[in-house]
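> First, the structure itself, so that you have it in front of you.
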Amino acid sequence: MKTLVIVDHPYYDRSVVNRRWLDEVRKYPDSFTVHNLQSSYPRSSVDAAAEHSLIDNHGSVVLQFPLFWFNCPPMLKQWFDTVLTAGWAYAGGRHLEGRKVGLAVTCGGDEASYSPEGSNRHTLREFLNSLEQSLVRCHADFQGIYAFYGAHPVDRKPLDASVLAISARNYVDFLNALSVK
């Protein structure tokens, strides 16, 4: 079954890393489906039934987004609230049970800033703990976080194209590792 990549990026047109990742993912249409929440729901009203159908008709799920004020962007939060409902995802519903789910996150700061000693005082995993716990509560098989640090370099220099290419290829490897055969 194909892996569903659910993307939320409020400023996708200005994205460098997320766009590069998706350019790479789209090279494999037989393996992955890209579902962009911003373009699917321009009026910001997530359709739970449509999302349930997408998930039910795919194998693994990856939620891709830029870290947005140390959390996911607002529409992805709405997605969690609207889609992961009692009777479907938990409390009698088990549509995510055993399903491999991962997060793919871009961070503006460098990796060192996401540590207890860094300027953000916490790791990326700590910032995303509520998302992980929500997925675990829904009996999903949480597969971890694929991250890119330094998406907005302090020196404002363009990102190295070879670094982006390697990250994009590694992202496809991360997705393939989650694939249901």
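> So which of 171, 146 ends up being under 30 Å from residue 43 (Cα atoms) and assigned to a helix (DSSP H, G or I)? Quick ask: steps written out before the conclusion?
Values: 146 fails: assigned to a helix (DSSP H, G or I).
Of the residues listed, the single one that is under 30 Å from residue 43 (Cα atoms) and assigned to a helix (DSSP H, G or I) is 171.
> Turning to a different aspect of this structure: Pick out, from region 1-89, the strands (runs of 3 or more DSSP E) lying fully within it that include 3 or more residues that are within 14 Å of the chain's Cα centre (by Cα), at positive phi and surrounded by 16 or more Cβ atoms within 10 Å (Cβ to Cβ).
Values: elements: 3-7, 32-36, 61-66.
The strands (runs of 3 or more DSSP E) meeting that bar number zero.
> Within region 113-134, which residues are outside any helix (DSSP H, G or I) and among the aliphatic types (A, V, I, L, M)?
Listed by number, the list holds a single entry, 128.
> Is there any pair with a first residue in region 16-38 that is closer than 16 Å to residue 62 by Cβ and a second that is open to solvent by less than 10 Å² (accessible area, probe 1.4 Å) and among the acidic types (Asp, Glu) whose Cβ atoms are under 8 Å apart and which are 6 or more apart or on different chains, and what are they?
36/8; 37/8
> Regarding residue 25, is this residue modelled with pLDDT under 95, more than 25 Å from residue 136 (Cα to Cα) and touching a helix residue (DSSP H, G or I) at 6+ places or on another chain (Cβ under 9 Å)?
Spelling it out, it is not the case that residue 25 is modelled with pLDDT under 95, more than 25 Å from residue 136 (Cα to Cα) and touching a helix residue (DSSP H, G or I) at 6+ places or on another chain (Cβ under 9 Å).
> Something else: Kindly indicate the residue of region 148-181 that is among the β-branched types (Val, Ile, Thr) and at pLDDT 80 or above and also surrounded by the most Cβ atoms within 10 Å (Cβ to Cβ) among those meeting that condition.
Within region 148-181, the match that is surrounded by the most Cβ atoms within 10 Å (Cβ to Cβ) is 172.
> On the given criteria, is residue 144 open to solvent by less than 20 Å² (accessible area, probe 1.4 Å) and of a type outside the set (Val, Ile, Thr)?
Judged against the criteria, residue 144 is a match.
> Within region 90-112, can you find the residues that are assigned to a helix (DSSP H, G or I) and touching a residue at least 12 places away in the same chain (Cβ under 8 Å)?
Narrowing region 90-112 to residues assigned to a helix (DSSP H, G or I): 111-112.
Once the filter is applied, which keeps residues that are assigned to a helix (DSSP H, G or I) and touching a residue at least 12 places away in the same chain (Cβ under 8 Å), region 90-112 yields only 111.
The values are calculated or read from the model by the stated rules, or taken from the named source; none is laboratory data. Owing to the predicted nature of the structure, the values given are computational and were not obtained by experimental measurement. Every residue, glycine as well, gets a Cβ built from its backbone with ideal geometry; the counts of neighbours run over all protein chains shown. For accessibility, only protein heavy atoms count, side chains too; no ligands or nucleic acids. Shrake-Rupley method; radii C 1.70, N 1.55, O 1.52, S 1.80 Å.
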